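Chemist: One structure, pasted below without further comment.
The values are calculated or read from the model by the stated rules, or taken from the named source; none is laboratory data. A quick note: this is a predicted structure, and the numbers were derived from the prediction, not measured. For neighbour counting, all protein chains shown are included, and Cβ atoms are generated from backbone atoms with ideal geometry for every residue, glycine included.
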Amino acid sequence: MNETMKILVVDDERPIRDGCHRVLTGRGYEVITAENGQIALDILAKGPLDIILLDLKMPVIGGKEVLEVTRATYPDIPVIIITGHGTVDTAVECMKNGAYDFITKPFQIDQFVLTVQRAADKRKLEQKARLFEEENIRNLYDLNLEKSRLKTIINRMANGVMVTNRNLEVVLHNPALMRLMETSEEIENPAPIAKIINKASLIDTLKRILTGESSEEVSISQEIQVGKNTLRAISAPALGPDKSIAGTVTVLEDITAFKQLDQMKSDFVNMVAHELRSPLVSIRQLNSVLLEGLAGPLQEKQQDFVKRGMRKIDSLIQLINDLLDVAKIEAGKYVQHQVPTDIGKIIEEIVALMEPGAREQGIILTHSFRGLKPVQADPKNMEEIINNLISNAINYSPEGGRVSISARGFGEYMEIKVEDTGVGIHPEELPKIFDKFYRVKHPKTRQVTGTGLGLAIVKGVVEAHHGAIDVESIVDKGTIFRILLPVIEPTDQSQKDNPSE
Ligand SMILES: Nc1ncnc2c1ncn2[C@@H]1O[C@H](COP(=O)(O)OP(=O)(O)OP(=O)(O)O)[C@@H](O)[C@H]1O
Ligand SMILES: [Mg+2]
C-alpha cells in the first residue's frame, strides 16, 4: 500500500502541466502529463492510474468526454477538474457527473496540494477497503470449504462420533455412530442423548466430564456392550474458546474382534499353563524325594544340582500360578471365600518372613499400624497382594534403601501403604505398570527377574474386593503404592481414625 501514487495531468497549457509536474513530483507523486484528451485516453487505455487532473477546455476531445470515458472504465479513479473562471458552472456539472473535486486556475499551491492529497487519501482508503473485502470473501470461502471438508470426513469415518452440549443433548453425530448403536432411525439434532445412546455408564461418564470432576486434559475410556458387540467409548470434554467446558466429545470404536482374539489368547495361555503345571509338580515331588535321600544318599555335588533344579522349578511353578491367577481374575472367578480378615496380622507375618532377605540386600523393612479394622476379604488374596507389593519395593530399591508398610483405618476404608526409597517410576510408565506382562526397562533393575504379572494380579484382586489402588512415584526418590479396602462395618466417624488399637 506504500506504493507511489500515479497522477495523470491533462491540460493543453504547457506551463500548467509543467507546474503540476514540479509541485507533485516534489511531494512524492509520480506524474504523467497529456496535452490533449486523445493522448489522455490513450494513456488510460493502457491501464488505470490513481488520480486524474483534468482540464475542461481542450481542443479536439474536451475534458467532459475524457471524464465520461474514465467514469465508465475506471469508476474508482478520482478525477479533479481544472477550470478557468469562465468554466466553473461546467465544473459543477462535471461534479454531478462523478468528478471528485475541482480547482480553479490560477492555482494556489497550498489548496492545490491539499485537494490532490485528499483525492490520494480517498484512493488509498478505497484500495484498502477493497483488499479487505477480497480477503474477507476468501476467508469465508476457505471457512465454507473447511466446514464441508470436516463434514465429509466425519460422515465417512468408520468410528462413531458424538458431540453433546452442556445439557447432554446431542448436537452432532455421524452415520457410523448410528450403525454401531444398531439404529436405523433418522435423528434430528439437537436430540436428548438417551435417544441415541441409552447406556447409563456412558451417560454417567459424560455427566462427570460436564461437572468438571475429571481433569480437562484426560479422556475417559470405557467399554460398552451393544447387542453382541463390544464398543470402546473414549470421551473427553469439548472446550469453548474461553477454555470452559462447553460439552463432550465421544468417539466409539467396535472392538468386538479384538476382544474375541484376546479371549482366544487368554484361553490358550490358560490351557498351556494348566498342562504344564501337573508335570512340573510331579518333577518337583521327585526331586524332593531325591533330596530327602529316599532314593539313596546323594553326594554333596549331586545335592547341590538337585537344589538348583528345584529353585528353577519353583520359579516356573510361580510363573504358571501367576498366569492362572490372571486368567481367573479376568474371568471374575479369583476371589474365593471372603471372611473378616485382620490385615495387620497378614502384614506382620509377611514382614517377618521377608525381613531377613531384605536385610541381606541391605534394605530396612519396617511396618506400622494405626486404627486397624477388619476387612471382608479372602486372606490368601490379601497375602498375595501384600507379598507382591513388598517384594517389588525390595527388588526395585538399591542397597541402603528403606521399605515401610503401614496400615490404618481411614473412614470406611483400610488404607495400606507400601513406600520405598527405590529407583522410582517415570510418569510416562506409571499408567502401564498395572498391565499384564509390562515391565519398565531400567538400567539399575535389569538384573531383577520377573514376568510383569504381579501388579496386574494386585489390581485385579483389589478391584474384586471393591477397593482401589493408586501409585505415586518420583524417579530416583521412591514409590508409594496405596490400597483402599472397604472395612466391614462402615463407621459414622468417616475420615476419623480410631485410636483404640
Ligand atoms: N516399587 C517399585 N519401584 C519401582 N518400580 C516398580 C515398583 N513396583 C513395580 N515397579 C515396576 O513395575 C513393573 C511391573 O511390576 P510387576 O510387579 O507387575 O512385575 P514384575 O515385578 O516385573 O514381575 P512379577 O510378575 O514377577 O512381579 C516392574 O517391572 C517395575 O519396573
Ligand atoms: Mg513384581
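Chemist: Quick check on Ser214: is it modelled with pLDDT of 90 or more, closer than 30 Å to Pro431 by Cα and not hydrophobic (A, V, I, L, M, F, W, C)?
Modeler: Answer is no for this residue.
Chemist: Name the one entry in Gln263, Gln285, Gln318, Gln303 that is assigned to a helix (DSSP H, G or I), loosely packed, with under 12 Cβ neighbours inside 10 Å, out of contact with any helix residue (DSSP H, G or I) (no Cβ under 6 Å at 6 or more places or on another chain) and polar (S, T, N, Q).
Modeler: Gln285
Chemist: Output the residue which, of all residues in the range 473-487 that are touching a strand residue (DSSP E or B) at 6+ places or on another chain (Cβ under 6 Å) and within 11 Å of ligand 1 (Cβ to nearest atom), is nearest to Glu399 (Cα to Cα).
Modeler: The selected residue is Gly478.
Okay, residues lined up against (1) part of a helix (DSSP H, G or I); (2) surrounded by 13 or more Cβ atoms within 10 Å (Cβ to Cβ); (3) hydrophobic (A, V, I, L, M, F, W, C):
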| residue | (1), (2), (3) |
| --- | --- |
| Leu276 | yes, yes, yes |
| Leu280 | yes, yes, yes |
| Val289 | yes, no, yes |
| Leu298 | no, yes, yes |
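Chemist: Please verify whether Gly460 is within 29 Å of Ile488 (Cα to Cα), small (Gly, Ala, Ser), within 15 Å of ligand 2 (Cβ to nearest atom) and within 32 Å of the chain's Cα centre (by Cα), treating the condition exactly as stated.
Modeler: Judged against the criteria, Gly460 is a match.
Chemist: Among Val161, Val171, which is the only one that is outside any loop (DSSP other than H, G, I, E, B) and farther than 24 Å from Lys259 by Cα?
Modeler: Matching residue, one of Val161, Val171: Val171.
Chemist: Also, quick follow-up: Give the residues of the range 450-472 that are in contact (Cβ under 8 Å) with a residue 60 or more places away in the chain and within 7 Å of ligand 1 (Cβ to nearest atom), sorted by residue number.
Modeler: Result: Thr451, Leu453, Gly454, Leu455, Ala456.
Chemist: From the list Ile364, Ile385, which residue is in the same structural domain as Gly409 (by TED's automatic domain parsing), within 15 Å of ligand 2 (Cβ to nearest atom) and either under 24 Å from Glu412 (Cα atoms) or among the aliphatic types (A, V, I, L, M) (or both)?
Modeler: Ile385
Chemist: Consider the range 81-108. How many of its residues are touching a helix residue (DSSP H, G or I) at 6+ places or on another chain (Cβ under 6 Å) and of a type in the set (Val, Ile, Thr)?
Modeler: Selection size over the range 81-108: 3.
Chemist: Further question on the same structure: Residues Ala91, Ala99, Ala120: which one is outside any strand (DSSP E or B), touching a strand residue (DSSP E or B) at 6+ places or on another chain (Cβ under 7 Å) and farther than 26 Å from Lys46 by Cα?
Modeler: Ala91
Chemist: Given (1) more than 21 Å from Pro15 (Cβ to Cβ); (2) buried (at least 16 other Cβ atoms within 10 Å of the Cβ); (3) under 60 Å from the mean Cα position of the chain (by Cα), identify the lone condition not met by Thr90.
Modeler: Going through (1) more than 21 Å from Pro15 (Cβ to Cβ); (2) buried (at least 16 other Cβ atoms within 10 Å of the Cβ); (3) under 60 Å from the mean Cα position of the chain (by Cα) one by one, Thr90 breaks only (3).
Chemist: Give Gly411, Gly401, Gly371 a once-over and let me know the one that is of a type in the set (Gly, Ala, Ser), surrounded by fewer than 22 Cβ atoms within 10 Å (Cβ to Cβ), more than 8 Å from ligand 1 (Cβ to nearest atom) and within 23 Å of Leu353 (Cβ to Cβ).
Modeler: Values: Gly411 fails: within 23 Å of Leu353 (Cβ to Cβ); Gly371 fails: within 23 Å of Leu353 (Cβ to Cβ).
Exactly one residue qualifies, and that residue is Gly401.
Chemist: Does the range 363-380 contain any residue that is acidic (Asp, Glu) and in contact (Cβ under 8 Å) with a residue 24 or more places away in the chain?
Modeler: There is at least one residue in the range 363-380 that is acidic (Asp, Glu) and in contact (Cβ under 8 Å) with a residue 24 or more places away in the chain.
Chemist: Does the range 417-431 include one or more residues that are touching a residue at least 60 places away in the same chain (Cβ under 8 Å), within 12 Å of ligand 2 (Cβ to nearest atom) and under 28 Å from the mean Cα position of the chain (by Cα)?
Modeler: no
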